[in-house]
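Encoded as structure tokens, the structure appears first; notes follow it.
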Amino acid sequence: MPKVTVDGQEIEVPDGATVLQACELAGKEIPRFCYHERLSIAGNCRMCLVEVKPGPPKPQASCALPAADGQEIRTDSEMVKTAREGVMEFLLINHPLDCPICDQGGECDLQDQSIAYGRGATRYDENKRAVTEKYMGPLIKTVMTRCIHCTRCVRFSEEIAGVDEIGAVGRGEDMQITTYLEQAAEHELSANVIDLCPVGALTSRPYAFEARPWELKKTLSIDVSDAVGSNIRLDSRGREVMRALPRINDDVNEEWISDKARYQVDGLTKRRLDKVFMRKKGGLQPASWDEAFKAIAKAKPGKDIAAIAGDMVDCETMFAAKALLKACGSNLLEGRQTGMDYDVSNLAAVNFNSGLAGIETADAILIVGSHIRWEAPLVNVRIRKAVKRGAKVFVIGPRWETTYPAEFLGQDLSVLSKLPKEVAEAFKGAERPAIIMGGAALAKGALTGGLAFADTYGLVKDGWNGFNVLHFSAARMGGLMLGFAQQGGMKDIVAANPKVVISLGADEMDFEPFADALKVYIGHHGDRGAHAADIILPGASYAEKDGTYVNTEGRVQFAEKAVFAPGDAREDWTILRALADALKVEVGFDSFAQLQAAMIAEVPALGEEGLADYGALPKSDANAKAEGTISAYPIKDFYLTNPIARASAVMQQCSSELLGNGELAEAAE
């Protein structure tokens, strides 16, 4: 490891480190605009200048200079100070002086660094350059006159998202950053360029002029729009969530989030259920909590009561529902509301065992029945990294537009049992082979075929487990850990013919088989579940309660409460606790702390943040064969997959404009 001296302090740095990284290891702050840890080095802003000996007697760009043994680096010399002031002066020659009305004000790198490293006064009075605005879609607001040509947005689109939509045209003073065809950026991660932009050139269109950063309360939370469990920060003012931003977690989402995770938050205030409703004379009428509980108790469900969990429910709510049903003598619990009925006796068989970070190291990947770009955009980013390292990707299912080279093997699941010769050779020769099974494969009963494939091609080795199931429901793994599943799925619930069905935000399920039952909907939006319900009890969304979530790789994470629920809406566990009193049963908890303690006592893994241990894969049946055809994927519209997104005006606009889905639909449609 090379030894370098930074401002008189000698340190060892890893092989291949740059001078900038060496300075940061020594605790020195190096200003930068174009450099970003997760993007390739551009070296074009020149803000990170330092003095290096031995070397030419001039400042050098530290981001592009490798650290070498014996280097003496100065970050605080007069030469460096003067050079940085000069660079900042040139950057500001054409930059408009509109900080008070710029939406980036208060969290702008250019603003901060001009004060820390700039001259403090300008010497120019010539006219500034102006650039025409570019249209980058409903999510990204552009003021390209502010652009300093750092090219972060260009490199993100090409390297991370894999969609070459943003680039530079022209040279010198005429250079402009644009989407080449002046059209919207059409991919699921497009708004991450807003976080990357070090100036106010690319800002959030829906959030424009809504709030300043110092007005906002910041709350650590977890994204529930898919099963990746991206770490996010909710910024709120008063009782309203204003925006969602990514938090850095290298094991989960690195520092990116999907456009849906970022922008569905405006749906939290629209089409909300804030009163109790009961169906009277064919229509839903406002009612009181007491009336609703009396009506449920009057149905005398006894042990004929069932609970169906939706896709965004936290573990505490599911545990409270399970405790209520257990006290009533029922075990009719199900979280797979769309009807899947795969075996849940061994959770290792339905887990993303490689880990989200681990899939980057796979060298042969078979995707079965998953439109990964829509079901988990951040897993798609990881697979793209694996392909860059030389991995080969094969897909069974209908064609979708991949962001990396991939070979489609058709829609017939029988291919799992008999791979084409060259594909079979790729898996036999792979050191870290992997399979990813999506919802469409699970719905066709292909799980046993996938396990047989894992056995045939040696997907489980020392230090590597390449068998992966990719869920798209944030509640799925937590529900399975809590036993919120019937061996026969929803068919078993229907066959039991319950008198009362409690829907915990289950908006995708088919309510028709329960026509004779009393349908109680505990949820936060007037979506499909509310339209089918006989009694509506208004609950809290993920932003309005503390809760535990488990992502598709079995990672237990905790989300904090950002705001209070509107109107008469209450946290879901309190509704279930009050319902227990109405039904005259004991559930064993009176506070959230007691509920959480009881849940952790039953499933200790839910009390430890990090990866849960599900043990080894079950032994596969050597004769198991996957049959059937995957004709479609479960997600038809990336932007409208859950009640919050369907209530969001921004997500509706994205669906209409970017996917061409025409007129804006009502939530229940």
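The values are calculated or read from the model by the stated rules, or taken from the named source; none is laboratory data. Predicted, not measured: the structure shown is a model, and the values here were computed from it. As a convention, Cβ positions derive from the backbone with ideal geometry for all residues, glycine included, and neighbour counts pool all protein chains shown. For the accessible areas, the whole protein counts, side chains as well, though only heavy atoms, and no ligand, DNA or RNA atoms are used. Shrake-Rupley method; radii C 1.70, N 1.55, O 1.52, S 1.80 Å.
Condition check ((1) in contact with a helix residue (DSSP H, G or I) (Cβ under 9 Å, 6 or more places away or on another chain); (2) closer than 17 Å to residue 457 by Cα; (3) without any contact (Cβ under 8 Å) to a residue 60 or more places away in the chain; (4) surrounded by fewer than 20 Cβ atoms within 10 Å (Cβ to Cβ)) across all residues:
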{"position": "389", "(1), (2), (3), (4)": "yes, no, yes, yes"}
{"position": "399", "(1), (2), (3), (4)": "no, no, yes, yes"}
{"position": "404", "(1), (2), (3), (4)": "yes, no, no, yes"}
{"position": "423", "(1), (2), (3), (4)": "yes, yes, yes, yes"}
{"position": "426", "(1), (2), (3), (4)": "no, yes, no, no"}
{"position": "435", "(1), (2), (3), (4)": "yes, yes, no, no"}
Looking at this structure, is residue 507 crowded, with 21+ Cβ neighbours inside 10 Å, farther than 16 Å from residue 320 by Cα and out of contact with any Cys (no Cβ under 6 Å at 6 or more places or on another chain)?
yes
Is it the case, given these coordinates, that residue 243 is closer than 22 Å to residue 207 by Cα and touching a strand residue (DSSP E or B) at 6+ places or on another chain (Cβ under 7 Å)?
yes
Could you please find all residues in the range 74-107 being over 15 Å from residue 144 (Cα atoms) and outside any helix (DSSP H, G or I)?
74, 75, 76, 77, 105, 106, 107
For the range 99-126, enumerate the residues that are in contact (Cβ under 8 Å) with a residue 40 or more places away in the chain, open to solvent by less than 40 Å² (accessible area, probe 1.4 Å) and closer than 23 Å to residue 77 by Cα.
110, 113
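One line per residue, one yes/no per condition, for (1) out of contact with any helix residue (DSSP H, G or I) (no Cβ under 8 Å at 6 or more places or on another chain); (2) free of Cβ contacts under 8 Å to residues at least 40 places away in the same chain; (3) open to solvent by 20 Å² or more (accessible area, probe 1.4 Å):
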| site | (1), (2), (3) |
| --- | --- |
| 129 | no, no, yes |
| 134 | no, no, no |
| 138 | no, no, no |
| 142 | yes, no, no |
| 145 | yes, no, yes |
| 151 | yes, no, yes |
| 161 | no, no, no |
| 176 | no, no, yes |
| 200 | no, no, no |
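A quick yes/no check of all residues on (1) of a type outside the set (Ser, Thr, Tyr); (2) at pLDDT below 90; (3) assigned to a helix (DSSP H, G or I); (4) at positive phi:
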site	(1), (2), (3), (4)
252	yes, no, no, no
261	yes, no, yes, no
274	yes, no, no, no
291	yes, no, yes, no
294	yes, no, yes, no
303	yes, yes, no, no
318	yes, no, yes, no
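I'd like to check something: does the range 117-136 contain any residue that is in contact with a strand residue (DSSP E or B) (Cβ under 9 Å, 6 or more places away or on another chain) and at positive phi?
Checked against the condition, which is being in contact with a strand residue (DSSP E or B) (Cβ under 9 Å, 6 or more places away or on another chain) and at positive phi, the range 117-136 yields no hits at all.
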With the first residue restricted to the range 632-648 and required to be under 22 Å from residue 273 (Cβ atoms) and modelled with pLDDT under 90, and the second required to be surrounded by fewer than 20 Cβ atoms within 10 Å (Cβ to Cβ) and aliphatic (A, V, I, L, M), Cβ contacts under 8 Å at 6 or more apart or on different chains are none
Which condition breaks for residue 276 when tested against (1) more than 23 Å from residue 373 (Cβ to Cβ); (2) open to solvent by 30 Å² or more (accessible area, probe 1.4 Å)?
(2)
Taking the range 207-225 and the residues there that are among the acidic types (Asp, Glu) and open to solvent by 20 Å² or more (accessible area, probe 1.4 Å), the one that is nearest to the chain's Cα centre (by Cα) would be 210
Given the criterion assigned to a helix (DSSP H, G or I), free of Cβ contacts under 8 Å to residues at least 24 places away in the same chain and open to solvent by 70 Å² or more (accessible area, probe 1.4 Å), identify the matching residue among 601, 597.
601
Can you pull out the residues in the range 85-98 that are surrounded by 15 or more Cβ atoms within 10 Å (Cβ to Cβ) and under 38 Å from the mean Cα position of the chain (by Cα)?
87, 88, 91, 92, 94, 95, 96
